[in-house]
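As structure tokens, the structure follows; a few thoughts come after it.
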Amino acid sequence: MRKYKAEYIWIDGQKPTAKLRSKTKIIDGDFKGLESLPEWTFDGSSTYQAEGKSSDLALKPVRAVINPLRGDGRDYLVLCEVFNSDGKTPHPSNTRAPLRAVAEKTKALDPWFGLEQEYTLFEGNRPLGWPDHGFPAPQGGYYCGVGSDEVFGRELVEAHSEACMRAGIHIVGTNAEVMPAQWEFQVGAIGPLEVSDELWLARWLLYRMGEEFGISATLHPKPVKGDWNGAGCHTNFSTKAMREPGGMQIIEAAMPKLKARHEDHIKVYGAHNTERLTGLHETAPINVFRWGSSDRGSSIRIPLQTQAQGYGYFEDRRPAANMDPYEVTRILLETVCLL
Ligand code: ADP
Ligand code: MN
Ligand code: MN
Ligand code: MN
């Protein structure tokens, strides 16, 4: 009998930053759509999601994409939400469930998000390509660089973007970042649930493909202390009205709302973000909210093109690389669209 492999992927309960988990289900026949995928259970006591006594939790498939790494198009990656053992109530670690409600309420506004995921490659306990002792040459030549003295890990980056494309993830670009061994890929611009699901799947692919290369990717916002750039996940946002003539007024009207809730936003913008949002290295200090056009030292930047044409989107530069996109897109929708 023909069978295929479904890799069930979920987000665990680690604090302050949740991690990805997955296990393989072998299913008879061929993939017949998301609805055909069975629910599954796992041991929540091994993922910081349950006590030992009643540890079974439920996995509900919410998105399935072709697994680009095996099965020649027959195998799937299956992103799941975690539910309590009753199978009905979302587990407290399930941050997608609250986003579902907010996405439904704001659907008519047609919100789009584009996420710029920065990350840092490590080999053992050193950033990839860094010398055994001391440091590489100071930052300056690495951003969008080329050449084996400037760039470390491109093989993995190229393989990862190819895999994302084969999986149907809306990846729209990649670039080498300011710190050597630091990279970025962008996903979007699509709806809040779609972009968040796809970002988690793209992160899973990055870690999984790193296994083949003996390279680990970290999303820590400040992987190397000192005069080296941190890693963020700039979150670009627009509603339909912002994308149409007159949109600039709507973008500007959102700024005081965002300023008023700055602290609430920072709370869900990723752990250890204090180390990154210092006011140096293209950031605004963590306690300050300021917005401006083309200003990379601001909390929120209005891109040049948006400023010039009078409509478009804005970029929230505050989220750290390790942020949970379910929480970040939810709070942006709440603050900008529901208050
Ligand atoms: P940066 O100049 O900040 O490095 P990038 O090119 O890396 O910008 O990323 C820009 C992101 O903005 C992409 O993910 C893209 O999909 C997203 N984007 C473009 N237009 C919109 C829009 N109207 N609404 C939301 N996001 C958008
Ligand atoms: Mn970018
Ligand atoms: Mn960047
Ligand atoms: Mn950016």
>> Looking at the range 290-302, can you tell me whether even one residue there is without any contact (Cβ under 8 Å) to a residue 12 or more places away in the chain, of a type in the set (Asp, Glu) and assigned by TED's automatic domain parsing to the domain that holds Asp227?
In response: yes
>> Against the condition β-branched (Val, Ile, Thr) and either assigned by TED's automatic domain parsing to the domain that holds Thr17 or in contact with a Ser or Thr (Cβ under 7 Å, 6 or more places away or on another chain) (or both), how does Ile266 come out, does it pass?
In response: no
>> Only one of Ala97, Ala64 is touching a helix residue (DSSP H, G or I) at 6+ places or on another chain (Cβ under 9 Å) and assigned to a helix (DSSP H, G or I). Can you tell me which?
In response: Ala97
> Asp316: at pLDDT below 95 and at negative phi, yes or no?
Replying inline: no
>> If I ask for residues that are among the hydrophobic types (A, V, I, L, M, F, W, C) and either within 16 Å of ligand 3 (Cβ to nearest atom) or at pLDDT below 95 (or both), which ones from the range 198-223 would you list?
In response: Leu199, Ala202, Leu206, Ala217, Leu219
> If Ala284 satisfies every condition in (1) among the aliphatic types (A, V, I, L, M); (2) closer than 29 Å to Lys105 by Cα; (3) in contact (Cβ under 8 Å) with a residue 24 or more places away in the chain but one, which is the exception?
Replying inline: (2)
> For the range 151-188, what are the residues that are away from ligand 3 (no atom under 16 Å from the Cβ), of a type outside the set (Lys, Arg) and either more than 30 Å from Tyr76 (Cβ to Cβ) or surrounded by fewer than 16 Cβ atoms within 10 Å (Cβ to Cβ) (or both)?
Replying inline: Phe152, Glu155, Glu158, Glu162, Met165, Gly168
> Is at least one residue of the range 124-136 loosely packed, with under 15 Cβ neighbours inside 10 Å and either touching a residue at least 60 places away in the same chain (Cβ under 8 Å) or within 16 Å of ligand 3 (Cβ to nearest atom) (or both)?
Replying inline: no
> In the range 170-221, which residue that is away from ligand 4 (no atom under 16 Å from the Cβ), assigned to a strand (DSSP E or B) and out of contact with any helix residue (DSSP H, G or I) (no Cβ under 7 Å at 6 or more places or on another chain) is nearest to Ala18 (Cα to Cα)?
Replying inline: Thr218
> Looking only at residues in the range 157-203 that are more than 13 Å from ligand 1 (Cβ to nearest atom) and charged (D, E, K, R), which one is farthest from Leu219 (Cα to Cα)?
Replying inline: Arg166
> Which one is surrounded by the most Cβ atoms within 10 Å (Cβ to Cβ), of the residues in the range 20-57 that are assigned to a loop (DSSP other than H, G, I, E, B) and either in contact with a helix residue (DSSP H, G or I) (Cβ under 9 Å, 6 or more places away or on another chain) or of a type in the set (Gly, Ala, Ser) (or both)?
Replying inline: Ala50
> Inside the range 292-325, can you point out the residues that are more than 16 Å from ligand 2 (Cβ to nearest atom), farther than 23 Å from Gly226 by Cα and either among the β-branched types (Val, Ile, Thr) or out of contact with any Asp or Glu (no Cβ under 9 Å at 6 or more places or on another chain) (or both)?
Replying inline: Gly292, Ser293, Gln307, Ala308, Gln309, Gly310, Asp324
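The values are calculated or read from the model by the stated rules, or taken from the named source; none is laboratory data. On a predicted model such as this, the values are computed, not experimentally measured, just so you know. Because the Cβ atoms are built from the backbone with ideal geometry, glycine has one as well, and the counts that use them run over all protein chains shown.
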